Structures are given as structure tokens and as C-alpha cells.
1. Quick check: the distance between the Cα centres of region 14-44 and region 152-190, to the nearest angstrom?
2. Taking 45 Å as R0, compute the FRET efficiency from the Cβ-Cβ separation of T97 and M218 and round it to 0.05.
3. In debye, nearest 20, what is the charge dipole magnitude of region 82-208 about its Cα centre with +1 on Lys and Arg Cβ and -1 on Asp and Glu Cβ, if you could check?
4. Quote to one decimal, in nm, the extra length available between Q85 and E166 on full extension: 0.36 nm per residue of separation minus the C-alpha distance between them.
5. Determine the sum of side-chain charges near V7: Lys and Arg each +1, Asp and Glu each -1, restricted to other residues whose C-beta is under 13 angstrom from that of V7.
6. Taking the structure as given and computing semi-axes √(5λ) of the Cα gyration tensor in Å, which label from (1) 60, 20, 13; (2) 26, 22, 18; (3) 50, 22, 16 fits?
7. With +1 on the Cβ of every Lys and Arg and -1 on the Cβ of every Asp and Glu, and nothing else charged, how large is the dipole of the chain about its Cα centre, in debye rounded to the nearest 20?
8. With point charges of +1 on the Cβ of Lys and Arg and -1 on the Cβ of Asp and Glu, referenced to the Cα centre of the chain, which listed residue (G241, A116, G98) lies farthest in the positive direction of the dipole?
Amino acid sequence: MSVYVAVEGPRVEFATLSKQGRREHNEDACGYWTSPGGACFVVCDGAGGHGGGDVASETAVRTLLSAFSSRPLLTRENIESLIAQADSAIRYGQRLTGSLRQMSATVTALFLDGSARQAQWIHLGDTRLYHFRKRGCRQLTKDHSIVQNFVDAGMLSESRVRGHSERNLLFAALGMGEDVPPAALDVPFDVEEGDAFLICTDGFWEVVLESEMLDELMYASAAEEWLVRMERLIIERSSPGQDNYSALAVWVGSPNDMTVPWVAPSVGAANLSNG
């Protein structure tokens, strides 16, 4: 778990979780960058086989964090340029190494300004961003998936997405070569003290329901404890084909006042983590 205090702003606490599940490799990656000028939190889910998935996700995280650190602006133009740079880095890797030519990665990133009073986000794929405020939960991103298209067309209900056999078929991700622009806001939105954010891969949100995310938040006293409590649900429901699961939690101020003292484990969050 890590903490920083925004310039003339609130205390911001964050933590990461990334586990292999029951797969041979962990192809997820999480990362963050904080400074007086702003902060960036990113989670990617790679694909491609032969080690390509983890290369793609780590490449995307490192490229995006490096680019934002050199120009920490929350304009849509700047945020979209970060995704373009990450996509270019993955495509370069595809050309450089034949075994990596099919690698790709989802990406979802949350950005805070220097005072942690405004935020922006960008998204490509099915790694989700949730926003929790005043005991309510809102999914900010929409999956770039075939199943989500079914939902949008009225052919499928939201409640059936998690169990659908084609839920992992994406039409947009870094390195896919499709001309699909990333989703982003035209302007930043205001952040309030008490807000909480959760970025998580499909291996996480497919198992933990939004209502459970909110329930566990209400009884957690730290961002890391929130992740630990939700991970217990994943472990309890583990299946033979359990996917990699990763999440990054960000707390602005104190998201809830229904907490009990909790001592964090000695292992804290890393700047880049893929298990």
C-alpha cells in the first residue's frame, strides 16, 4: 500500500493486486506514477501466447507511465497521445520478434491532477474502471467486446455478460491494428474527498460483483484491505481455469467511515506488478 498527499489537496492512498490464478503465466500488469504535478494509475491485460501477453501488458504500462510523467496534462488530446504511444511500442515489438507478432493488451488508466481535485481516464478493451461515491457504484468504462455489443443492441441483458461464452472476444485493444479510438472524456471530471476508484481486469470483475465491491469497501479501512477482502471471494470461487486477476484501488481521502483498525501485510505495492 502506498500513500501520497496532493498539493493543497487530500491524502491519496492506493494499492495493487496481480495474481496468476490457475494459468501458466500472468499476463496482467499494474503500475502507477505520482508526483506534485499529478498521478497516473494503469492496469493492462495482455494476450498473445509464447510470452507475448506479459510483454504486451508490461510494455503498455511502462510506455504510458513514462509518457505521462513527461507531460502530466489531463486534456483529452494528451491522454489519447499516451495510448497512441503505447500502441506504437507494442506494434514495434510485434515487428521486432516473430513470436510476439500476435501480442496485444487491454488498457485502462486513471489520471489525477496535482491537487487530486480532478480526474480523467482512458480505456481500450475490457479492463474496467469503477467509481465509488457516497455508497454508490458506477462503471465508468464500457467493454470493447462482442458481448457488450449484444447488450447495446438489446440482444442480451447486463446480468448475463459474466457467464456468456463469448465474453472475452474483443474488437479493440493495443496492438490489434483495428482503427477503434480509445474511450476518453472530453474534459476532466471533479473528484470529491471520499471517492474510491477500482481498475480491474476481466479475471477480477467476472468473479466479484459490483454489489460485492461496494460491500467490501464499506468494511475496509485501507485500500489494500479492500483488495484483500475482494480477493478472498475470488479464491473461494476459484475454478480449474481461473484466469489471471489484477486490480488497482485508489482512495481519495477516506471512502467510508464504517471501518475497523487493520494492519497491512509487510509487502507493499510495486511501481510495476504482474505477480
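Throughout, read-outs are computed from the coordinates displayed, never taken from laboratory work. Since this is a predicted model, take the numbers as computed values, not measurements. Note that each Cβ is placed from the backbone with ideal geometry, even for glycine, and that neighbours are counted across all protein chains shown.
1. Each part reduced to its Cα centre gives a spacing of 20 Å.
2. Details: r = 47 Å, r/R0 = 1.03.
The formula returns an efficiency of 0.45 here.
3. Details: 13 positive and 16 negative charges, 54 e Å.
Magnitude of the dipole: close to 260 debye.
4. Numbers: separation 81, 0.36 × 81 = 29.16 nm, distance 2.94 nm.
Using 0.36 nm per residue and subtracting the Cα-Cα distance, I get 26.2 nm.
5. Details: positive: R11, R117; negative: E8, D113.
Spelling it out: positives minus negatives among the neighbours equals 0.
6. (2)
7. Working: 23 positive and 36 negative charges, 64 e Å.
Dipole about the Cα centre, nearest 20: 300 debye.
8. G98
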